[in-house]
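Q: If you scroll down you'll find the structure; I have some questions about it.
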Amino acid sequence: MDKLLGNIHSIETFGTVDGPGIRFVVFMQGCPMRCKYCHNPDTWDTGVNHKMSIDEILSKYDSVKEFLKNGGLTVSGGEALLQIDFITQLFKKAKEKNIHTALDTSGILFDNSNKYDELIKYTDLILLDIKHINDNEHKKLTGFSNNSVLNFARYLAEKNIPVWIRHVVVPDITYNEEYLKELGKFIGTLKNVKMLEVLPYHDMAKEKYKKLNIPYVLENTPPTTKEQAVKAKEIILSAINS
């Protein structure tokens, strides 16, 4: 068994929204950001420990691989890049088994170190969650600047790593024509983007916040309608193609 252990929040063996095909999704524990709309606040704390080795994870993957049609392994979070060394070795071993690898991340921890060059050797797809294109608004939404996020996007474009961009549309926060156009123009500078996913904000995590005794700051923000999400995507795509 490997000595390197990952701090794991949970595993989903039949994921359908975290990359192509049916995925085996490993959710890592720990996240530095405190996004106002986060629906998994139970992944924030790095002190919550459920340790697993790489071999344990891949053994669990092998037990269900017959059901993972056209899929593979996705690592998500929390913020998965908190455990970049573990993920790199996990993906390295996965590629030895010819498993498609995808990483779901905000890119907030990107620092252009050699660790990222090593990680992308074994990464087939990045699901990059751009929380907000405006830096000041990003700070209000997450507590962090978006400089690292956008630099990570540029780095992946330079390395020609396939990327799916994800963006959550929230009324009065990201559902704003100016910001959506700005996001589209930025995405238009990237030649490695294979898909744009515009995700409507929902408030289904309210009860989870209550149980964890964490204030839900978007208490009075209505969920995004399907029509708003469609409109937002149209605005972004129009700006990409302009």
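The values are calculated or read from the model by the stated rules, or taken from the named source; none is laboratory data. Bear in mind that the values here come from a model prediction, so they are computed numbers and not experimental data. Positions of Cβ are generated from backbone atoms using ideal geometry, with glycine treated the same way; all protein chains shown enter the neighbour counts.
Q: Pick from segment 142-187 the residues that are of a type in the set (S, T, N, Q) and assigned to a helix (DSSP H, G or I): which of them is surrounded by the most Cβ atoms within 10 Å (Cβ to Cβ)?
A: Thr142
Q: Can you list residue pairs whose Cβ atoms sit under 7 Å apart, with the first residue in segment 223-238 being farther than 23 Å from His39 by Cα and the second being of a type in the set (Lys, Arg) and at pLDDT 95 or above? Count only pairs 6 or more apart in sequence or on different chains.
A: Matching pairs, first to second residue: Ile235/Lys181.
Q: A further question on this structure: Across segment 169-221, what is the total count of residues that are touching a residue at least 60 places away in the same chain (Cβ under 8 Å), farther than 15 Å from Lys131 by Cβ and touching a His at 6+ places or on another chain (Cβ under 9 Å)?
A: 4
Q: Can you tell me which residue in segment 123-141 is farthest from Phe186 (Cα to Cα), limited to those that are surrounded by 19 or more Cβ atoms within 10 Å (Cβ to Cβ) and without any contact (Cβ under 8 Å) to a residue 40 or more places away in the chain?
A: Thr123
Q: So which residues in segment 62-100 are surrounded by 22 or more Cβ atoms within 10 Å (Cβ to Cβ), polar (S, T, N, Q) and either more than 16 Å from the chain's Cα centre (by Cα) or assigned to a strand (DSSP E or B) (or both), if there are any at all?
A: Correct list: Thr74, Ser76.
Q: What is the residue count in segment 41-57 for residues that are in contact (Cβ under 8 Å) with a residue 40 or more places away in the chain, assigned to a helix (DSSP H, G or I) and under 19 Å from Arg23 (Cβ atoms)?
A: Residues in segment 41-57 being in contact (Cβ under 8 Å) with a residue 40 or more places away in the chain, assigned to a helix (DSSP H, G or I) and under 19 Å from Arg23 (Cβ atoms): 3 in total.
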